[in-house]
1. Taking 1 over the mean of 1/r across every pair of different Cα atoms in the range 186-246, what Kirkwood radius in Å do you get?
2. Once you have the alpha carbon radius of gyration of the range 45-188, what is it after dividing by 2.2 N^0.38 Å, with N set to its residue count?
3. If you take the beta carbon distance between residue 277 and residue 149 as r and set R0 to 30 Å, what does 1/(1 + (r/R0)^6) give as a FRET efficiency, to the nearest 0.05?
4. Obtain the nm distance between the two label points defined at residue 87 and residue 244 by a simple spin-label model: each point lies 7 Å from its Cα along the Cα-to-C-beta direction.
5. Can you work out the FRET efficiency for the pair residue 226 and residue 265, with r the C-beta to C-beta distance and R0 = 22 Å, to the nearest 0.05?
6. How long are the three semi-axes of the equivalent ellipsoid of the range 123-240, in whole Å, if each is the root of 5 times an eigenvalue of the C-alpha gyration tensor, listed from largest down?
7. Using just the helices of the chain, give the 222 nm mean residue ellipticity in deg cm²/dmol: DSSP H runs with n ≥ 4 each add -39,500 (n - 2.57), and the total is spread over all residues, rounded to 500.
8. Past the 19 Å Cα-Cα mark, which pairs from 90/203; 90/281; 90/147; 94/300; 203/300; 51/203?
Amino acid sequence: MLSCNLARRACRSSRAVRLLRFNHNQTSPQTDAQSSRTTHFGFQTVPEESKESLVRNVFDSVASSYDLMNDAMSLGVHRLWKDDYVSLLKPGSKGPTKCIDVAGGTGDIALRMLDFARERYADRETSVDVVDINTEMLKEGYKRFKKTMYHNTPQIAFIEGNAQALPQEQFPSNTYDLYTIAFGIRNCTSIPDVLKEAYRVLKPGGTFACLEFSRVNNPLLSALYDQYSFSIIPLLGTILAGDRASYQYLVESIRRFPPQPEFAQMIADAGFATGGMHEGKGGAWRDLWGGIASIHMGVKV
């Protein structure tokens with residue numbers, strides 16, 4: 001697991017978008033019980049301590065073609081889902097919003113949130129701290145933001161860190177109004193630890209919002225989606241990125257992610273108020289395209 005000692009890496013300019021880095025190399029001694037625990041990496045069973053590096057290797061591989069990867073995974077619809085996600089959250093609607101976007105290295109969600117706040121509410125004070133465990137993904141996000149009006153402003157920061165162990169010094173408790181994580185939580189070793197940290201860093205009344213690939217409930221759509229996922233997506237990985245294995249893992253990781261009711265219960269168990277344990281109005285989650293993806297939300301009480 002990541003031991004998150006503060007080790008800031010200077011950015012190219014003192015006023016540039018900040019890219020802060022934490023030390024991944026320091027590890028605490030493990031007991032025999034800890035070292036024998038296993039988890040899943042796609043359909044494989046691996047030691048818990050191995051998953052982080054395995055996932056990092058996947059995203060090192062796909063970082064430069066991340067948008068292309070998501071296009072392949074969702075037939076391009078992920079762009080509409082992300083727009084719906086941000087519109088549902090309405091950053092800036094109640095004044096400047098302090099956001100943390102976890103596993104958001106490429107800045108895709110952060111840019112949408114800042115644009116939404118500015119265009120809808122003339123808000124230039126909403127800010128987003130983008131946190132990702134993967135340096136290559138953060139580099140892609142930094143590069144993207146250099147082309148925007150938010151570069152060299154306090155509205156955006158890129159920080160290397162682990163969603164399961166956000167360092168208290170950098171991420172104090174009761175700090176953020178909004179915590180977002182899009183298509184990233186299924187890659188974490190311990191989802192309960194991620195949810196625990198999300199609860200800690202949010203202010204009372206703050207919102208947790210997760211956009212993730214999920215379970216399709218319609219049998220016909222599910223069969224078609226499985227056929228596409230296991231036959232076409234790895235092939236596209238080979239053709240478009242020369243990387244079948246990473247795309248195969250990503251497909252498998254979706255199937256290993258808990259179904260909507262189970263994940264909603266995990267969010268509630270972390271202390272969040274989620275609404276009813278059902279889909280739709282007043283429910284804990286909202287399905288997109290029949291459950292190919294879902295938005296889960298909870299409020300810190």
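Please treat every number below as a calculation from the coordinates, not as lab data. A quick note: this is a predicted structure, and the numbers were derived from the prediction, not measured. Every residue, glycine among them, receives a Cβ derived from its backbone with ideal geometry; neighbour counts consider all protein chains shown.
1. 14.8 Å
2. Taking N as the residue count of the range 45-188, the ratio is 1.04.
3. Approximately 0.10, to the nearest 0.05.
4. Here the answer is 3.9 nm between the modelled labels.
5. The pair residue 226/residue 265 has a calculated efficiency of 0.35.
6. The answer is 31, 21, 14 Å, longest axis first.
7. Taking each H run of at least 4 residues, the total per residue is -11000 deg cm²/dmol.
8. Distance filter (> 19 Å) returns 90/147; 51/203.
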